[in-house]
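Notes for the one structure printed next.
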Amino acid sequence: MNTPQAGILLPVPPLARYLGFTLEPDSDVHAGLSALLDVVDGERTVAGLGLATVTAAGLSVPGLHAFPTPSAPGIELPATPAALWLWLRGEDRGELHLRAQRIEALLAPVFRLVDSIDAFKHDSGRDLSGYEDGTENPQGDDATTAAIAADGSSLVAVQRWLHDFRRLAAMAPEARDDCIGRRRSDNEELDDAPASAHVKRTAQESFSPEAFLLRRSMPWSEGRDAGLMFVAFGATLDPFEAQLRRMTGQEDGIVDALFRFTRPLTGAYFWCPPVRDGKLCLIR
Ligand code: HEM
């Protein structure tokens with residue numbers, strides 16, 4: 001029986017590393033996938049295949065397509081596709097590093113490591129802006145319904161956002177709360193938040209059909225740069241795309257106030273195959 005990759009439904013770990021790979025030209029993608037099956041358990045390491053790999057391997061993944069790049073004045077939404085995305089979950093940075101090294105070496109003839117970003121849980125699960133992240137995530141069976149398709153697979157949207165901490169610091173606390181639509185101090189939702197507030201833009205029940213997804217985002221930092229690795233799993237990509245359209249003002253011209261202090265540097269979709277007998281199952 002197929003089960004979802006367990007790491008998708010588990011709470012966010014204390015530490016993580018995200019690895020992005022491209023396909024080596026003229027390499028044997030089937031050999032690469034077979035090596036992948038040996039190193040990914042779906043729990044400590046979650047894997048997502050990009051369109052390039054799916055196409056090269058002749059797999060059929062309905063619903064997986066190129067990352068959208070809706071344009072809005074002053075906003076850039078980069079699409080940065082990758083062949084393979086790995087989310088290494090753990091609690092020891094050294095172990096994560098050594099695991100990443102081992103995986104890189106095993107996949108090297110086919111998948112070339114081009115991106116490696118360290119991430120962490122902050123406080124009780126806050127974004128580095130100080131706001132609680134994940135409050136309105138679906139729970140239990142609702143989480144499974146939102147994130148997992150009937151065959152146990154999932155689609156994931158990944159965007160690395162870079163925060164502008166100077167801009168954030170220059171805002172009055174009330175203006176910051178209005179950006180999110182929640183109070184930083186006690187996480188209370190603000191009834192009178194402006195329509196541009198992030199939680200007004202993305203309120204999952206307010207879409208038709210409702211647009212629930214399972215967010216498993218984690219703060220990241222690299223030198224002086226930091227922000228949020230936004231990671232959202234869905235049985236389909238429709239909820240994410242509906243939210244992104246509204247965030248970028250495609251529906252009513254109102255742009256999400258989040259863009260006042262943060263912007264995405266990357267954007268990509270991946271297919272997270274289910275697990276069978278402890279290994280990723282690529283047969284559909
Ligand atoms: C740097 C980027 C982002 C930050 C810092 C951020 C932060 C937050 C915060 C603080 C909340 C309120 C607490 C919660 O329910 O989790 C929230 C809610 C939410 N965010 Fe984001 N978010 C970001 C990007 C996105 C993106 C790109 C999407 C989808 C396209 C998204 C979708 C949602 C959804 C669906 C909710 C829950 C809304 C509800 O039903 O109340 N977020 N986010």
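The values are calculated or read from the model by the stated rules, or taken from the named source; none is laboratory data. Note that the structure is a prediction, hence the values are computed from the model and not measured. Ideal geometry is used to build each Cβ from the backbone, glycine not excepted, and the neighbour counts take in all protein chains shown. Each accessible area value is taken on the protein alone, full model and side chains, heavy atoms only, with ligands, DNA and RNA left out. Shrake-Rupley method; radii C 1.70, N 1.55, O 1.52, S 1.80 Å.
Can you give the local net charge around I75? Use residues other than it whose beta-carbon is closer than 14 angstrom to its beta-carbon, Lys and Arg +1, Asp and Glu -1. With Lys, Arg at +1 and Asp, Glu at -1, the neighbours total +2. Surface composition of region 162-236: carbon plus sulfur atoms contribute 47% of the solvent-accessible area (1.4 Å probe, protein chains only, all chains present). Backbone amide hydrogens, once placed in the peptide plane, bring A226 within less than 5 Å of H163, excluding anything fewer than 5 places away on its chain. Under a model in which nothing but the beta-carbon of Lys, Arg (+1) and Asp, Glu (-1) is charged, region 115-253 shows a dipole of about 500 debye around its Cα centre. Heavy-atom accessible area for H122, with the other protein chains in place and a 1.4 Å probe, reaches approximately 70 Å². Stretching the chain fully between K121 and I283 yields a gain of 54.9 nm (0.36 nm per residue, less the alpha carbon separation).
Surface exposure of region 12-124, expressed per residue as accessible area with a 1.4 Å probe, stands at 47 Å². If only the Cβ of Lys and Arg carry +1 and only the Cβ of Asp and Glu carry -1, the dipole of the chain around its Cα centre is close to 600 debye. Here each label is just a point 7 Å from Cα along the line to Cβ, and for R184 and S221 those points are 1.6 nm apart.
Average projection, convex hull of the Cα set of the chain: 14.7 square nanometres. Extending 7 Å from Cα along the Cβ direction at E136 and again at A195 yields two label points whose distance is 1.7 nm.
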